Amino acid sequence: MTGLSAVPVTGAESEQRLAAGALGGSERTVWRWSRGSAPGQSAPRPPPALVPQRGRPRCETILLWVPRPPTPEWLKRFVIELYGGRCLRCGIDRPLEVAHLAPWPVVRDDAMRQPGPNQEGMAILRFHQPENLVLLCANCHTLLDDPAVAEVDQGLMFYLRDRATATGHFGEVTRSFVCKEMTGNRRRPSVSDAALAPLFDWLQKAVERGALPEPHRFTVPWGNGFFEVNLASSDLEYKVAPDPALPLWNGRDFVRPSPPRSPYGH
């Protein structure tokens with residue numbers, strides 16, 4: 001099982017430190033150091049940060065390296081659609097790349113410091129959050145990754161991203177994408193519920209900011225039934241039949257309920 005895990009060790013094991021990643025290891029490669037070595041062998045010297053120091057607790061933290069998770073194809077399609085198929089910085093339409101604003105080592109290490117049973121899963125979830133993804137051309141992506149280019153940094157990307165996401169277009173695209181995936185796609189598997197969860201969180205925040213036009217409550221076909229969705233609270237409720245008072249997703253747009261007809265025919 002791969003993953004970044006932390007386990008306490010005591011006694012003689014507290015003099016051993018395990019690390020990978022920074023030393024070029026893979027998820028199945030473990031490097032271990034100790035004060036001594038077997039006859040005829042020399043023990044490798046660990047980096048200074050890994051050397052046990054006097055006065056510290058005897059309980060140490062052992063870390064296993066987690067490789068950078070690939071960006072799912074559905075998430076790439078979503079980001080391209082979200083940014084209108086153009087680079088966020090310069091506006092050209094090719095060649096385009098999906099860029100992560102917070103790099104994987106930063107997101108991973110931050111998640112590992114948080115308590116919880118599934119730190120690796122939490123790190124991947126945060127890494128692929130919509131807020132951490134932007135669409136850039138290959139040139140702007142290279143400039144962003146180059147620390148020597150001071151004028152193209154995370155601060156600029158956060159500003160451009162926040163300015164773009166404040167528009168109603170972003171909320172509408174995200175809502176349409178969620179509805180399409182909930183309805184299903186005959187040509188490919190639909191996105192999992194766990195993968196859609198961050199998008200529901202983002203839509204709820206958009207409703208709170210007033211950045212998402214109506215409808216906030218609607219019905220989406222699902223199998224032989226329907227899901228009644230409330231984006232203001234991120235609630236989903238299964239229904240056998242749709243509520244005629246709510247807009248219904250028809251695969252491309254929302255069908256508004258017809259107003260009640262007057263008994264007098266007007």
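Values in this text are rule-based calculations from the coordinates and carry no lab data. Small disclaimer: the values here were computed from a predicted structure and weren't measured. When we count neighbours, we look across all protein chains shown, and the Cβ atoms used for this are built from the backbone with ideal geometry, even at glycine.
Rounded, prolate or oblate: pick one for region 101-205, where a ≥ b ≥ c are the square roots of the eigenvalues of its C-alpha gyration tensor, a/c under 1.5 means rounded, and failing that, prolate if a/b is larger than b/c, else oblate.
Numbers: a/c = 1.96, a/b = 1.25, b/c = 1.57.
In terms of gyration-tensor shape, oblate.
Once phi is turned into ³J(HN,Hα) by the Karplus curve 6.51 cos²θ - 1.76 cosθ + 1.60 with θ = phi - 60°, what whole-Hz value does each residue of region 145-154 show in order, with x for glycine and proline?
For region 145-154, the Karplus-derived couplings read 7, 8, x, 6, 9, 6, 6, 10, 9, 4 Hz, x marking Gly and Pro.
Between residue 172 and residue 255, what is 0.36 nm times their sequence separation minus the Cα-Cα distance? Round to one decimal in nm.
On the way: separation 83, 0.36 × 83 = 29.88 nm, distance 1.50 nm.
Full extension from residue 172 to residue 255 adds 28.4 nm.
Starting from the Cα-Cα distance between residue 110 and residue 90, subtract it from 0.36 nm times their residue separation and give me the gain in nm to one decimal. Before the final figure, lay out each step's value.
Values: separation 20, 0.36 × 20 = 7.20 nm, distance 3.11 nm.
Result for the pair: 4.1 nm of gain on full extension.
What's the FRET efficiency of residue 235 with residue 208 using the Cβ-Cβ distance as r and R₀ = 22 Å, to the nearest 0.05?
Details: r = 15 Å, r/R0 = 0.66.
E(calc), rounded to 0.05, equals 0.90.
Out of the trypsin sites (Lys or Arg not before Pro) in region 169-217, which ones are loop residues according to DSSP with at most 13 other C-beta atoms within 10 Å?
Details: sites: 175, 180, 186, 187, 205, 209, 217; in loops: 186, 187.
When the trypsin sites (Lys or Arg not before Pro) of region 169-217 are filtered for loop state and at most 13 Cβ neighbours within 10 Å, 186, 187 remain.
Can you pull out the GluC sites (Glu not before Pro) in region 75-181 whose DSSP state is coil and whose Cβ has at most 12 other Cβ atoms within 10 Å? Let's see the in-between values first.
On the way: sites: 81, 97, 120, 131, 151, 172, 181; in loops: 151.
Those that pass, being in a loop and sparsely packed, are 151.
Ranked by Cβ crowding within 10 angstrom, fewest neighbours first, how are 106, 207, 220 ordered? Could the numbers behind the result be given before it?
Values: 106 13, 207 18, 220 22.
In increasing order of surrounding Cβ atoms, one gets 106, 207, 220.
Can you run phi through the Karplus equation (6.51, -1.76, 1.60; θ = phi - 60°) for region 156-170 and list ³J(HN,Hα) in whole Hz, with x for Gly and Pro?
5, 5, 4, 5, 5, 5, 5, 5, 6, 6, 6, 7, x, 4, 5
Among 149, 191, 240, what is the fewest-to-most ranking by other Cβ atoms within 10 Å? Mind showing how you got there, number by number?
Numbers: 149 12, 191 21, 240 7.
Sorted ascending by nearby Cβ count, the order is 240, 149, 191.
For a footprinting-style exposure proxy, rank 222, 249 by other Cβ within 10 Å, fewest first. Spell out each step's value before the answer.
On the way: 222 15, 249 25.
In order of increasing Cβ crowding within 10 Å: 222, 249.
Quick one: 3J(HN,Hα) in Hz for region 85-95, Karplus 6.51/-1.76/1.60 with θ = phi - 60°, rounded, Gly and Pro as x.
Along region 85-95, the couplings run x, 9, 4, 5, 8, 10, x, 6, 9, 5, x Hz.
Mind giving me the nanometre distance, one decimal, between the label points for residue 139 and residue 193, set 7 Å out from Cα along Cα→Cβ?
My value for the distance between the label points is 4.6 nm.
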